[in-house]
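Visitor: Got a structure for you, questions after.
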Amino acid sequence: MPARIPSWAWVTGLTVGAIAAVTVLGVQADRGPHPTASAAKPSTPATARPTPTPTAKEPAKVPDGSGTGRRIVYSLGDKRVWLVDASDATRRTFTVWPGTVDPDPGTYTISSRNRATTGSDGVEIEHILYFTAKSGVSLAFSNAVDGASPPPPASGTQTGGVRMRKADGTALWAFGTVGTTVAVVR
C-alpha cells in the first residue's frame, strides 16, 4: 500500500512549483520584446490647423564680460537683470524698466538698502538696493509696492530707479545684501 502524503506537503509542493513558474515567466518576460502601447490619434478635418505647441523659451544667457562669482548683472541694452550665484549659475533673470539716468558700465556694490520709501516719481516703492550715483542722482533697484509694472514717464525729472515686478523685487531683495557686486554691462 502506498504511503499517504500529508496535505501540508501537497500545499507546500504546489506553492514551490507556482513560485518557480512565476520566476521563470518573469525572467522570460524581462528578456523578451517589450511592446509599446500606441494611442489612437483623433482624426482632424482637413481644414483644421494644428495647434502650435508652446516652446519653453531659454532663459537669457548672462552677458559675457560681466565677471564671475556671486553677483547681480544689469544689462542696459537688454533691460534685464540676472541673479548669479557663486558657481556662476543663474538663479533668476527678469526684465526691468530703467529710470531716465543710466549708470555707466562697470562694477559696483550694493552700498545700502531701504525697505520702503516714495520714489522720485511719487510712487510708493520697496526693496530699494542702492548701488551708485550719477549726476547727483542715486541709482537703485526697486519695485512698486502696489505691484505696478513700469514707472510713469518722467516729465523732465531725472530718475535713477531701476523698477521691476514685485516678485522680482522680492527675489532681488533676498539676494542683494550690502556688499553684493553689481556688474553693469551695455
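Where a number appears in this text, it was derived from the coordinates with a stated rule and is not lab data. Since the structure is predicted, the reported quantities are computational estimates derived from the model, not experimental observations. Note that each Cβ is placed from the backbone with ideal geometry, even for glycine, and that neighbours are counted across all protein chains shown.
Visitor: What does the charge add up to near residue 97, with Lys and Arg as +1, Asp and Glu as -1, over the other residues with Cβ less than 10 Å from its Cβ?
Guide: Net of charged neighbours comes to +3.
Visitor: Kindly write out, for the range 157-168 in residue order, the coupling ³J(HN,Hα) from the Karplus curve 6.51 cos²θ - 1.76 cosθ + 1.60 (θ = phi - 60°), rounded to whole Hz, with x marking Gly and Pro.
Guide: Ordered by residue, 3J(HN,Hα) equals 8, 7, 10, x, x, 9, 8, 9, 5, 4, 4, 5 Hz.
Visitor: What does the convex hull of the Cα atoms of the range 136-186 come to per residue, in Å³, rounded to a whole number?
Guide: Hull volume over Cα atoms, normalised by residue count, gives 118 Å³.
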